[in-house]
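Asks: Next up is a structure, given as structure tokens.
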Amino acid sequence: MNDLYMEYPSRRSPVFTRRGMVATSQPLAAQAGVEVLMKGGNAADAAVAAAATLNVTEPTSTGLGGDCFALYYDSTSREVTALNGSGRAPSGLTLERISRDGFADGLPPFHAHTITVPGAAAGWCDLVERHGRLSLSEVLAPAINHAEEGFPVAPLTAYFWDRGAQRQLGNSPGGCELMIDGRAPRAGEIFRNRTLANTLQILAEGGRRAFYSGDIGEKIANTVQAAGGVMTRDDLSAHESTWEEPISTVYHGIRVYECPPNGQGLTALLALNILSEFDIPQDGLSVERLHLVIEALRLAFADTRWYVADPAQVAVPVHDLLTRAYAHQRAGLVDLTRATVDHVRGTPVAGSDTVYLTVVDGDGNACSFINSNYMGFGTGIVPEGTGFSLQNRGHNFSLDPVHPNALAPGKRPYHTIIPAMATRESDQSLYASFGVMGGFMQPQGHVQVLAGMVNDGLSPQVTLDRPRVCIESGSSGGQVAIEEGVPVSVMARLAEMGHTIRPVSGLGRALFGRGQIITRDPESGVLCGGSDPRADGCAVGY
């Protein structure tokens, strides 16, 4: 077998199939998605089925207390639509209130003020309603069954569950609902979450209104207020997802789609545009290649950590930032011999723990889907009797009143979770549905795995196996984590060039994200999938 399939040893082979495929970070969730496909569902149905099952089996990363984003490729129209399922700050949460409560210098990561309205439930409903074929009850049935009957906890999930139990759940209201006798479940141990099963059943029968305006919404509001927050039932009842025009750029003949701000997908597109200005070195782990990727990402973060905000409340110059002229201007700042760690945002010429999953069905429809609590269990706060923890996405707001991403009532924060989709520019056929979860690693992962496939011709599994780099702070001057597998000589040379390097190995490799990729051959319709070896999951086809 050639290097296309075997270059980096992960002991995993790429998965091939024709009738449909699901790739997730947890095998039972991938199986749930395939089950829905086999019942006649399409990519949208299977994506929500997998996401709901991940809420049950991997609550360390995701759930109904968090947000979601999705990109959907329609094989008939060959068009991509973007769903923004992120929530907004409570109407009573202002910078003045934050200051009055003693947090002017920054919010603690797990405080109730960091809880934004959870958007996942509405997002699931809206995706199935617009693009799906099955009822919400049929789609949520596998997740309800796993929550009711129980499931054996996977090894890496057990590790992160234990960390969350010690860091958040053990000190949070309702956290005991996600533990066993005050501790996290162990690998292989059966965990049942019957309160979550009941919550999912309510959602399945009553849809978004039952979740936000009914008993569940009341429990969320009461719990947040009891913990010192200001969210109300009206904040929850007013929530709605938004369907938006995806943003995109063309990289070596492949059009890459991302969700627009308030998500950070713009970072990946800016970096790809900068890389397009250079001849990319062919060795993916060479000093020259890694330095160029790092520098492109530094420049991209310099822009997006300022410009990415809620476009409903501030102007975000997406079009100007994505012009080729601007990419050429920014590429001119790259020194091919030295690191530049003090980039500032440019002025375009005017006219964060998560689960990612991907599904491609037998008709060639694709759904790139991401769902997250942030920081593992989010705040770790569990509304009584619901079985899920509430996110802490509000921690990404700036408390600087002049910053575009400054906290304001009803505003969506800078969001780290981003799905991606890619089509062939020549005919708009599906090239890949892909994503890499993990805070500020996500756009960095998108750039690296796409370059592996497009520049190097690697299969999905091999490009996921390849060691990665990560600017840890998601800022232009952050230190660079480098994964084991990159030669020590390469790390040493990058350090000599001025990069602050931190080698990472073992379980710490979760820092580099956990990706899923499915590609589709335009002639045979054969699907090829890969799943990140840094997680418990797999790609499953039928």
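Asks: For region 427-542, compute Rh as the Kirkwood radius over C-alpha pairs and then the Stokes-Einstein diffusion coefficient at 4 °C and 1.567 mPa s; write the answer in µm²/s, rounded to an integer.
Replies: For the chosen part, D equals 86 µm²/s.
Asks: So what's the Cα pair-distance distribution over region 193-269, bin width 10 Å, in %?
Replies: 17, 28, 24, 22, 9, 1
Asks: Right, something else. Can you put V15, V447 in order of Cβ neighbours within 10 angstrom, beginning with the fewest?
Replies: Lowest to highest Cβ neighbour count: V15, V447.
Asks: In what sequence, highest mean first, do 381-392, 402-413 appear when ranked by Cβ atoms within 10 angstrom?
Replies: Per-residue mean Cβ counts within 10 Å order the peptides as 381-392, 402-413.
Asks: Let me ask something else about it. Work out, in µm²/s and without decimals, the Stokes-Einstein translational diffusion coefficient of region 389-481 at 20 °C, 1.002 mPa s, Rh from Kirkwood over C-alpha pairs.
Replies: Estimated diffusion coefficient is 137 µm²/s.
Asks: Sticking with this structure for a sec: Would you mind estimating how fast region 212-308 diffuses translationally, via Stokes-Einstein at 25 °C and 0.890 mPa s with the Kirkwood radius over Cα pairs, in µm²/s?
Replies: D = 146 µm²/s.
Asks: On to the next question. Residue by residue through region 67-83, what is 3J(HN,Hα) from phi via Karplus (6.51 cos²θ - 1.76 cosθ + 1.60, θ = phi - 60°)? Round to whole Hz and write x for glycine and proline.
Replies: Once θ is set to phi - 60°, the couplings for region 67-83 become 10, 8, 9, 8, 10, 10, 9, 8, 5, 7, 7, 6, 10, 10, 10, 10, 10 Hz.
Asks: Give, to the nearest whole percent, the P(r) tail of region 20-61 beyond 14 angstrom, counting all Cα pairs.
Replies: 33
Asks: Give me the dipole magnitude in Debye, nearest 20, for the chain about the Cα centre, with unit charges on the beta carbon: positive for Lys and Arg, negative for Asp and Glu.
Replies: 460
Asks: When averaged across all projection directions, what area in nm² does the alpha-carbon convex hull of region 152-295 cover?
Replies: 13.8
Asks: Now for a different question. Given a cut-off of 13 Å, what percent of all Cα-Cα pairs of region 370-416 lie beyond it?
Replies: The answer is 61 percent, as a whole percent.
Asks: For a quick size check, give me the Cα extents of region 259-330 along its three principal axes, largest first, whole Å.
Replies: Sorted from largest, the Cα extents of region 259-330 read 43, 21, 18 Å.
Asks: Where does each of V449, V436, V462, V250 land when they are ranked from fewest to most other beta-carbon atoms within 10 angstrom?
Replies: With the fewest neighbours first, V449, V436, V462, V250 line up as V250, V462, V449, V436.
Asks: Using only alpha carbon positions, build the gyration tensor of the chain, then give the equivalent ellipsoid semi-axes as the square roots of 5 times its eigenvalues, largest first, whole angstrom.
Replies: For the chain, the semi-axes come out at 33, 27, 22 Å.
Asks: Which whole-Hz ³J(HN,Hα) couplings does region 197-209 yield from phi under the Karplus relation 6.51 cos²θ - 1.76 cosθ + 1.60, θ = phi - 60°, glycine and proline marked x?
Replies: Taking θ as phi minus 60°, the curve returns 4, 5, 4, 5, 5, 4, 5, 4, 8, x, x, 4, 4 Hz for region 197-209.
Asks: Another question about this same structure. Let me know the Kirkwood hydrodynamic radius for region 43-176, please, with Cα pairs as the basis and the value in Å to one decimal.
Replies: It works out to 17.2 Å.
Asks: How do W161, W124, W306 line up, fewest other C-beta atoms within 10 Å first?
Replies: Ranking W161, W124, W306 by Cβ neighbours within 10 Å, fewest first, gives W306, W161, W124.
Asks: Give me the distance between the Cα centres of region 155-204 and region 434-468, rounded to whole Å.
Replies: 30
Asks: Counting each pair of different Cα atoms once, what's the Kirkwood radius of region 304-460 in Å, rounded to one decimal?
Replies: 18.6
Asks: If you split all Cα-Cα distances of region 131-212 into 5 Å bins from zero, what percentages do you get per bin, shortest first?
Replies: P(r) over region 131-212, rounded to whole percents: 3, 15, 19, 20, 17, 13, 10, 3, 0.
Asks: Using a 7 Å offset from the Cα along the Cα-to-Cβ direction at both S99 and E218, what is the distance between the two label points in nm, to one decimal?
Replies: Between S99 and E218, the label points sit 3.8 nm apart.
Asks: Can you give me the distance in nm between label points at D335 and Q479, each placed 7 Å from the Cα along the Cα-to-Cβ direction?
Replies: 2.1
Asks: For the residue pair E425 and A238, what label-to-label distance in nm results when each label sits 7 Å from Cα along the Cα-to-beta-carbon direction?
Replies: 4.3
Any read-out appearing in this document is the output of simple, stated calculations on the displayed coordinates, not a laboratory observation. Note that this is a predicted model, so its numbers are computed, not measured. Cβ atoms come from the backbone with ideal geometry, glycine included; neighbour counts cover every protein chain shown.
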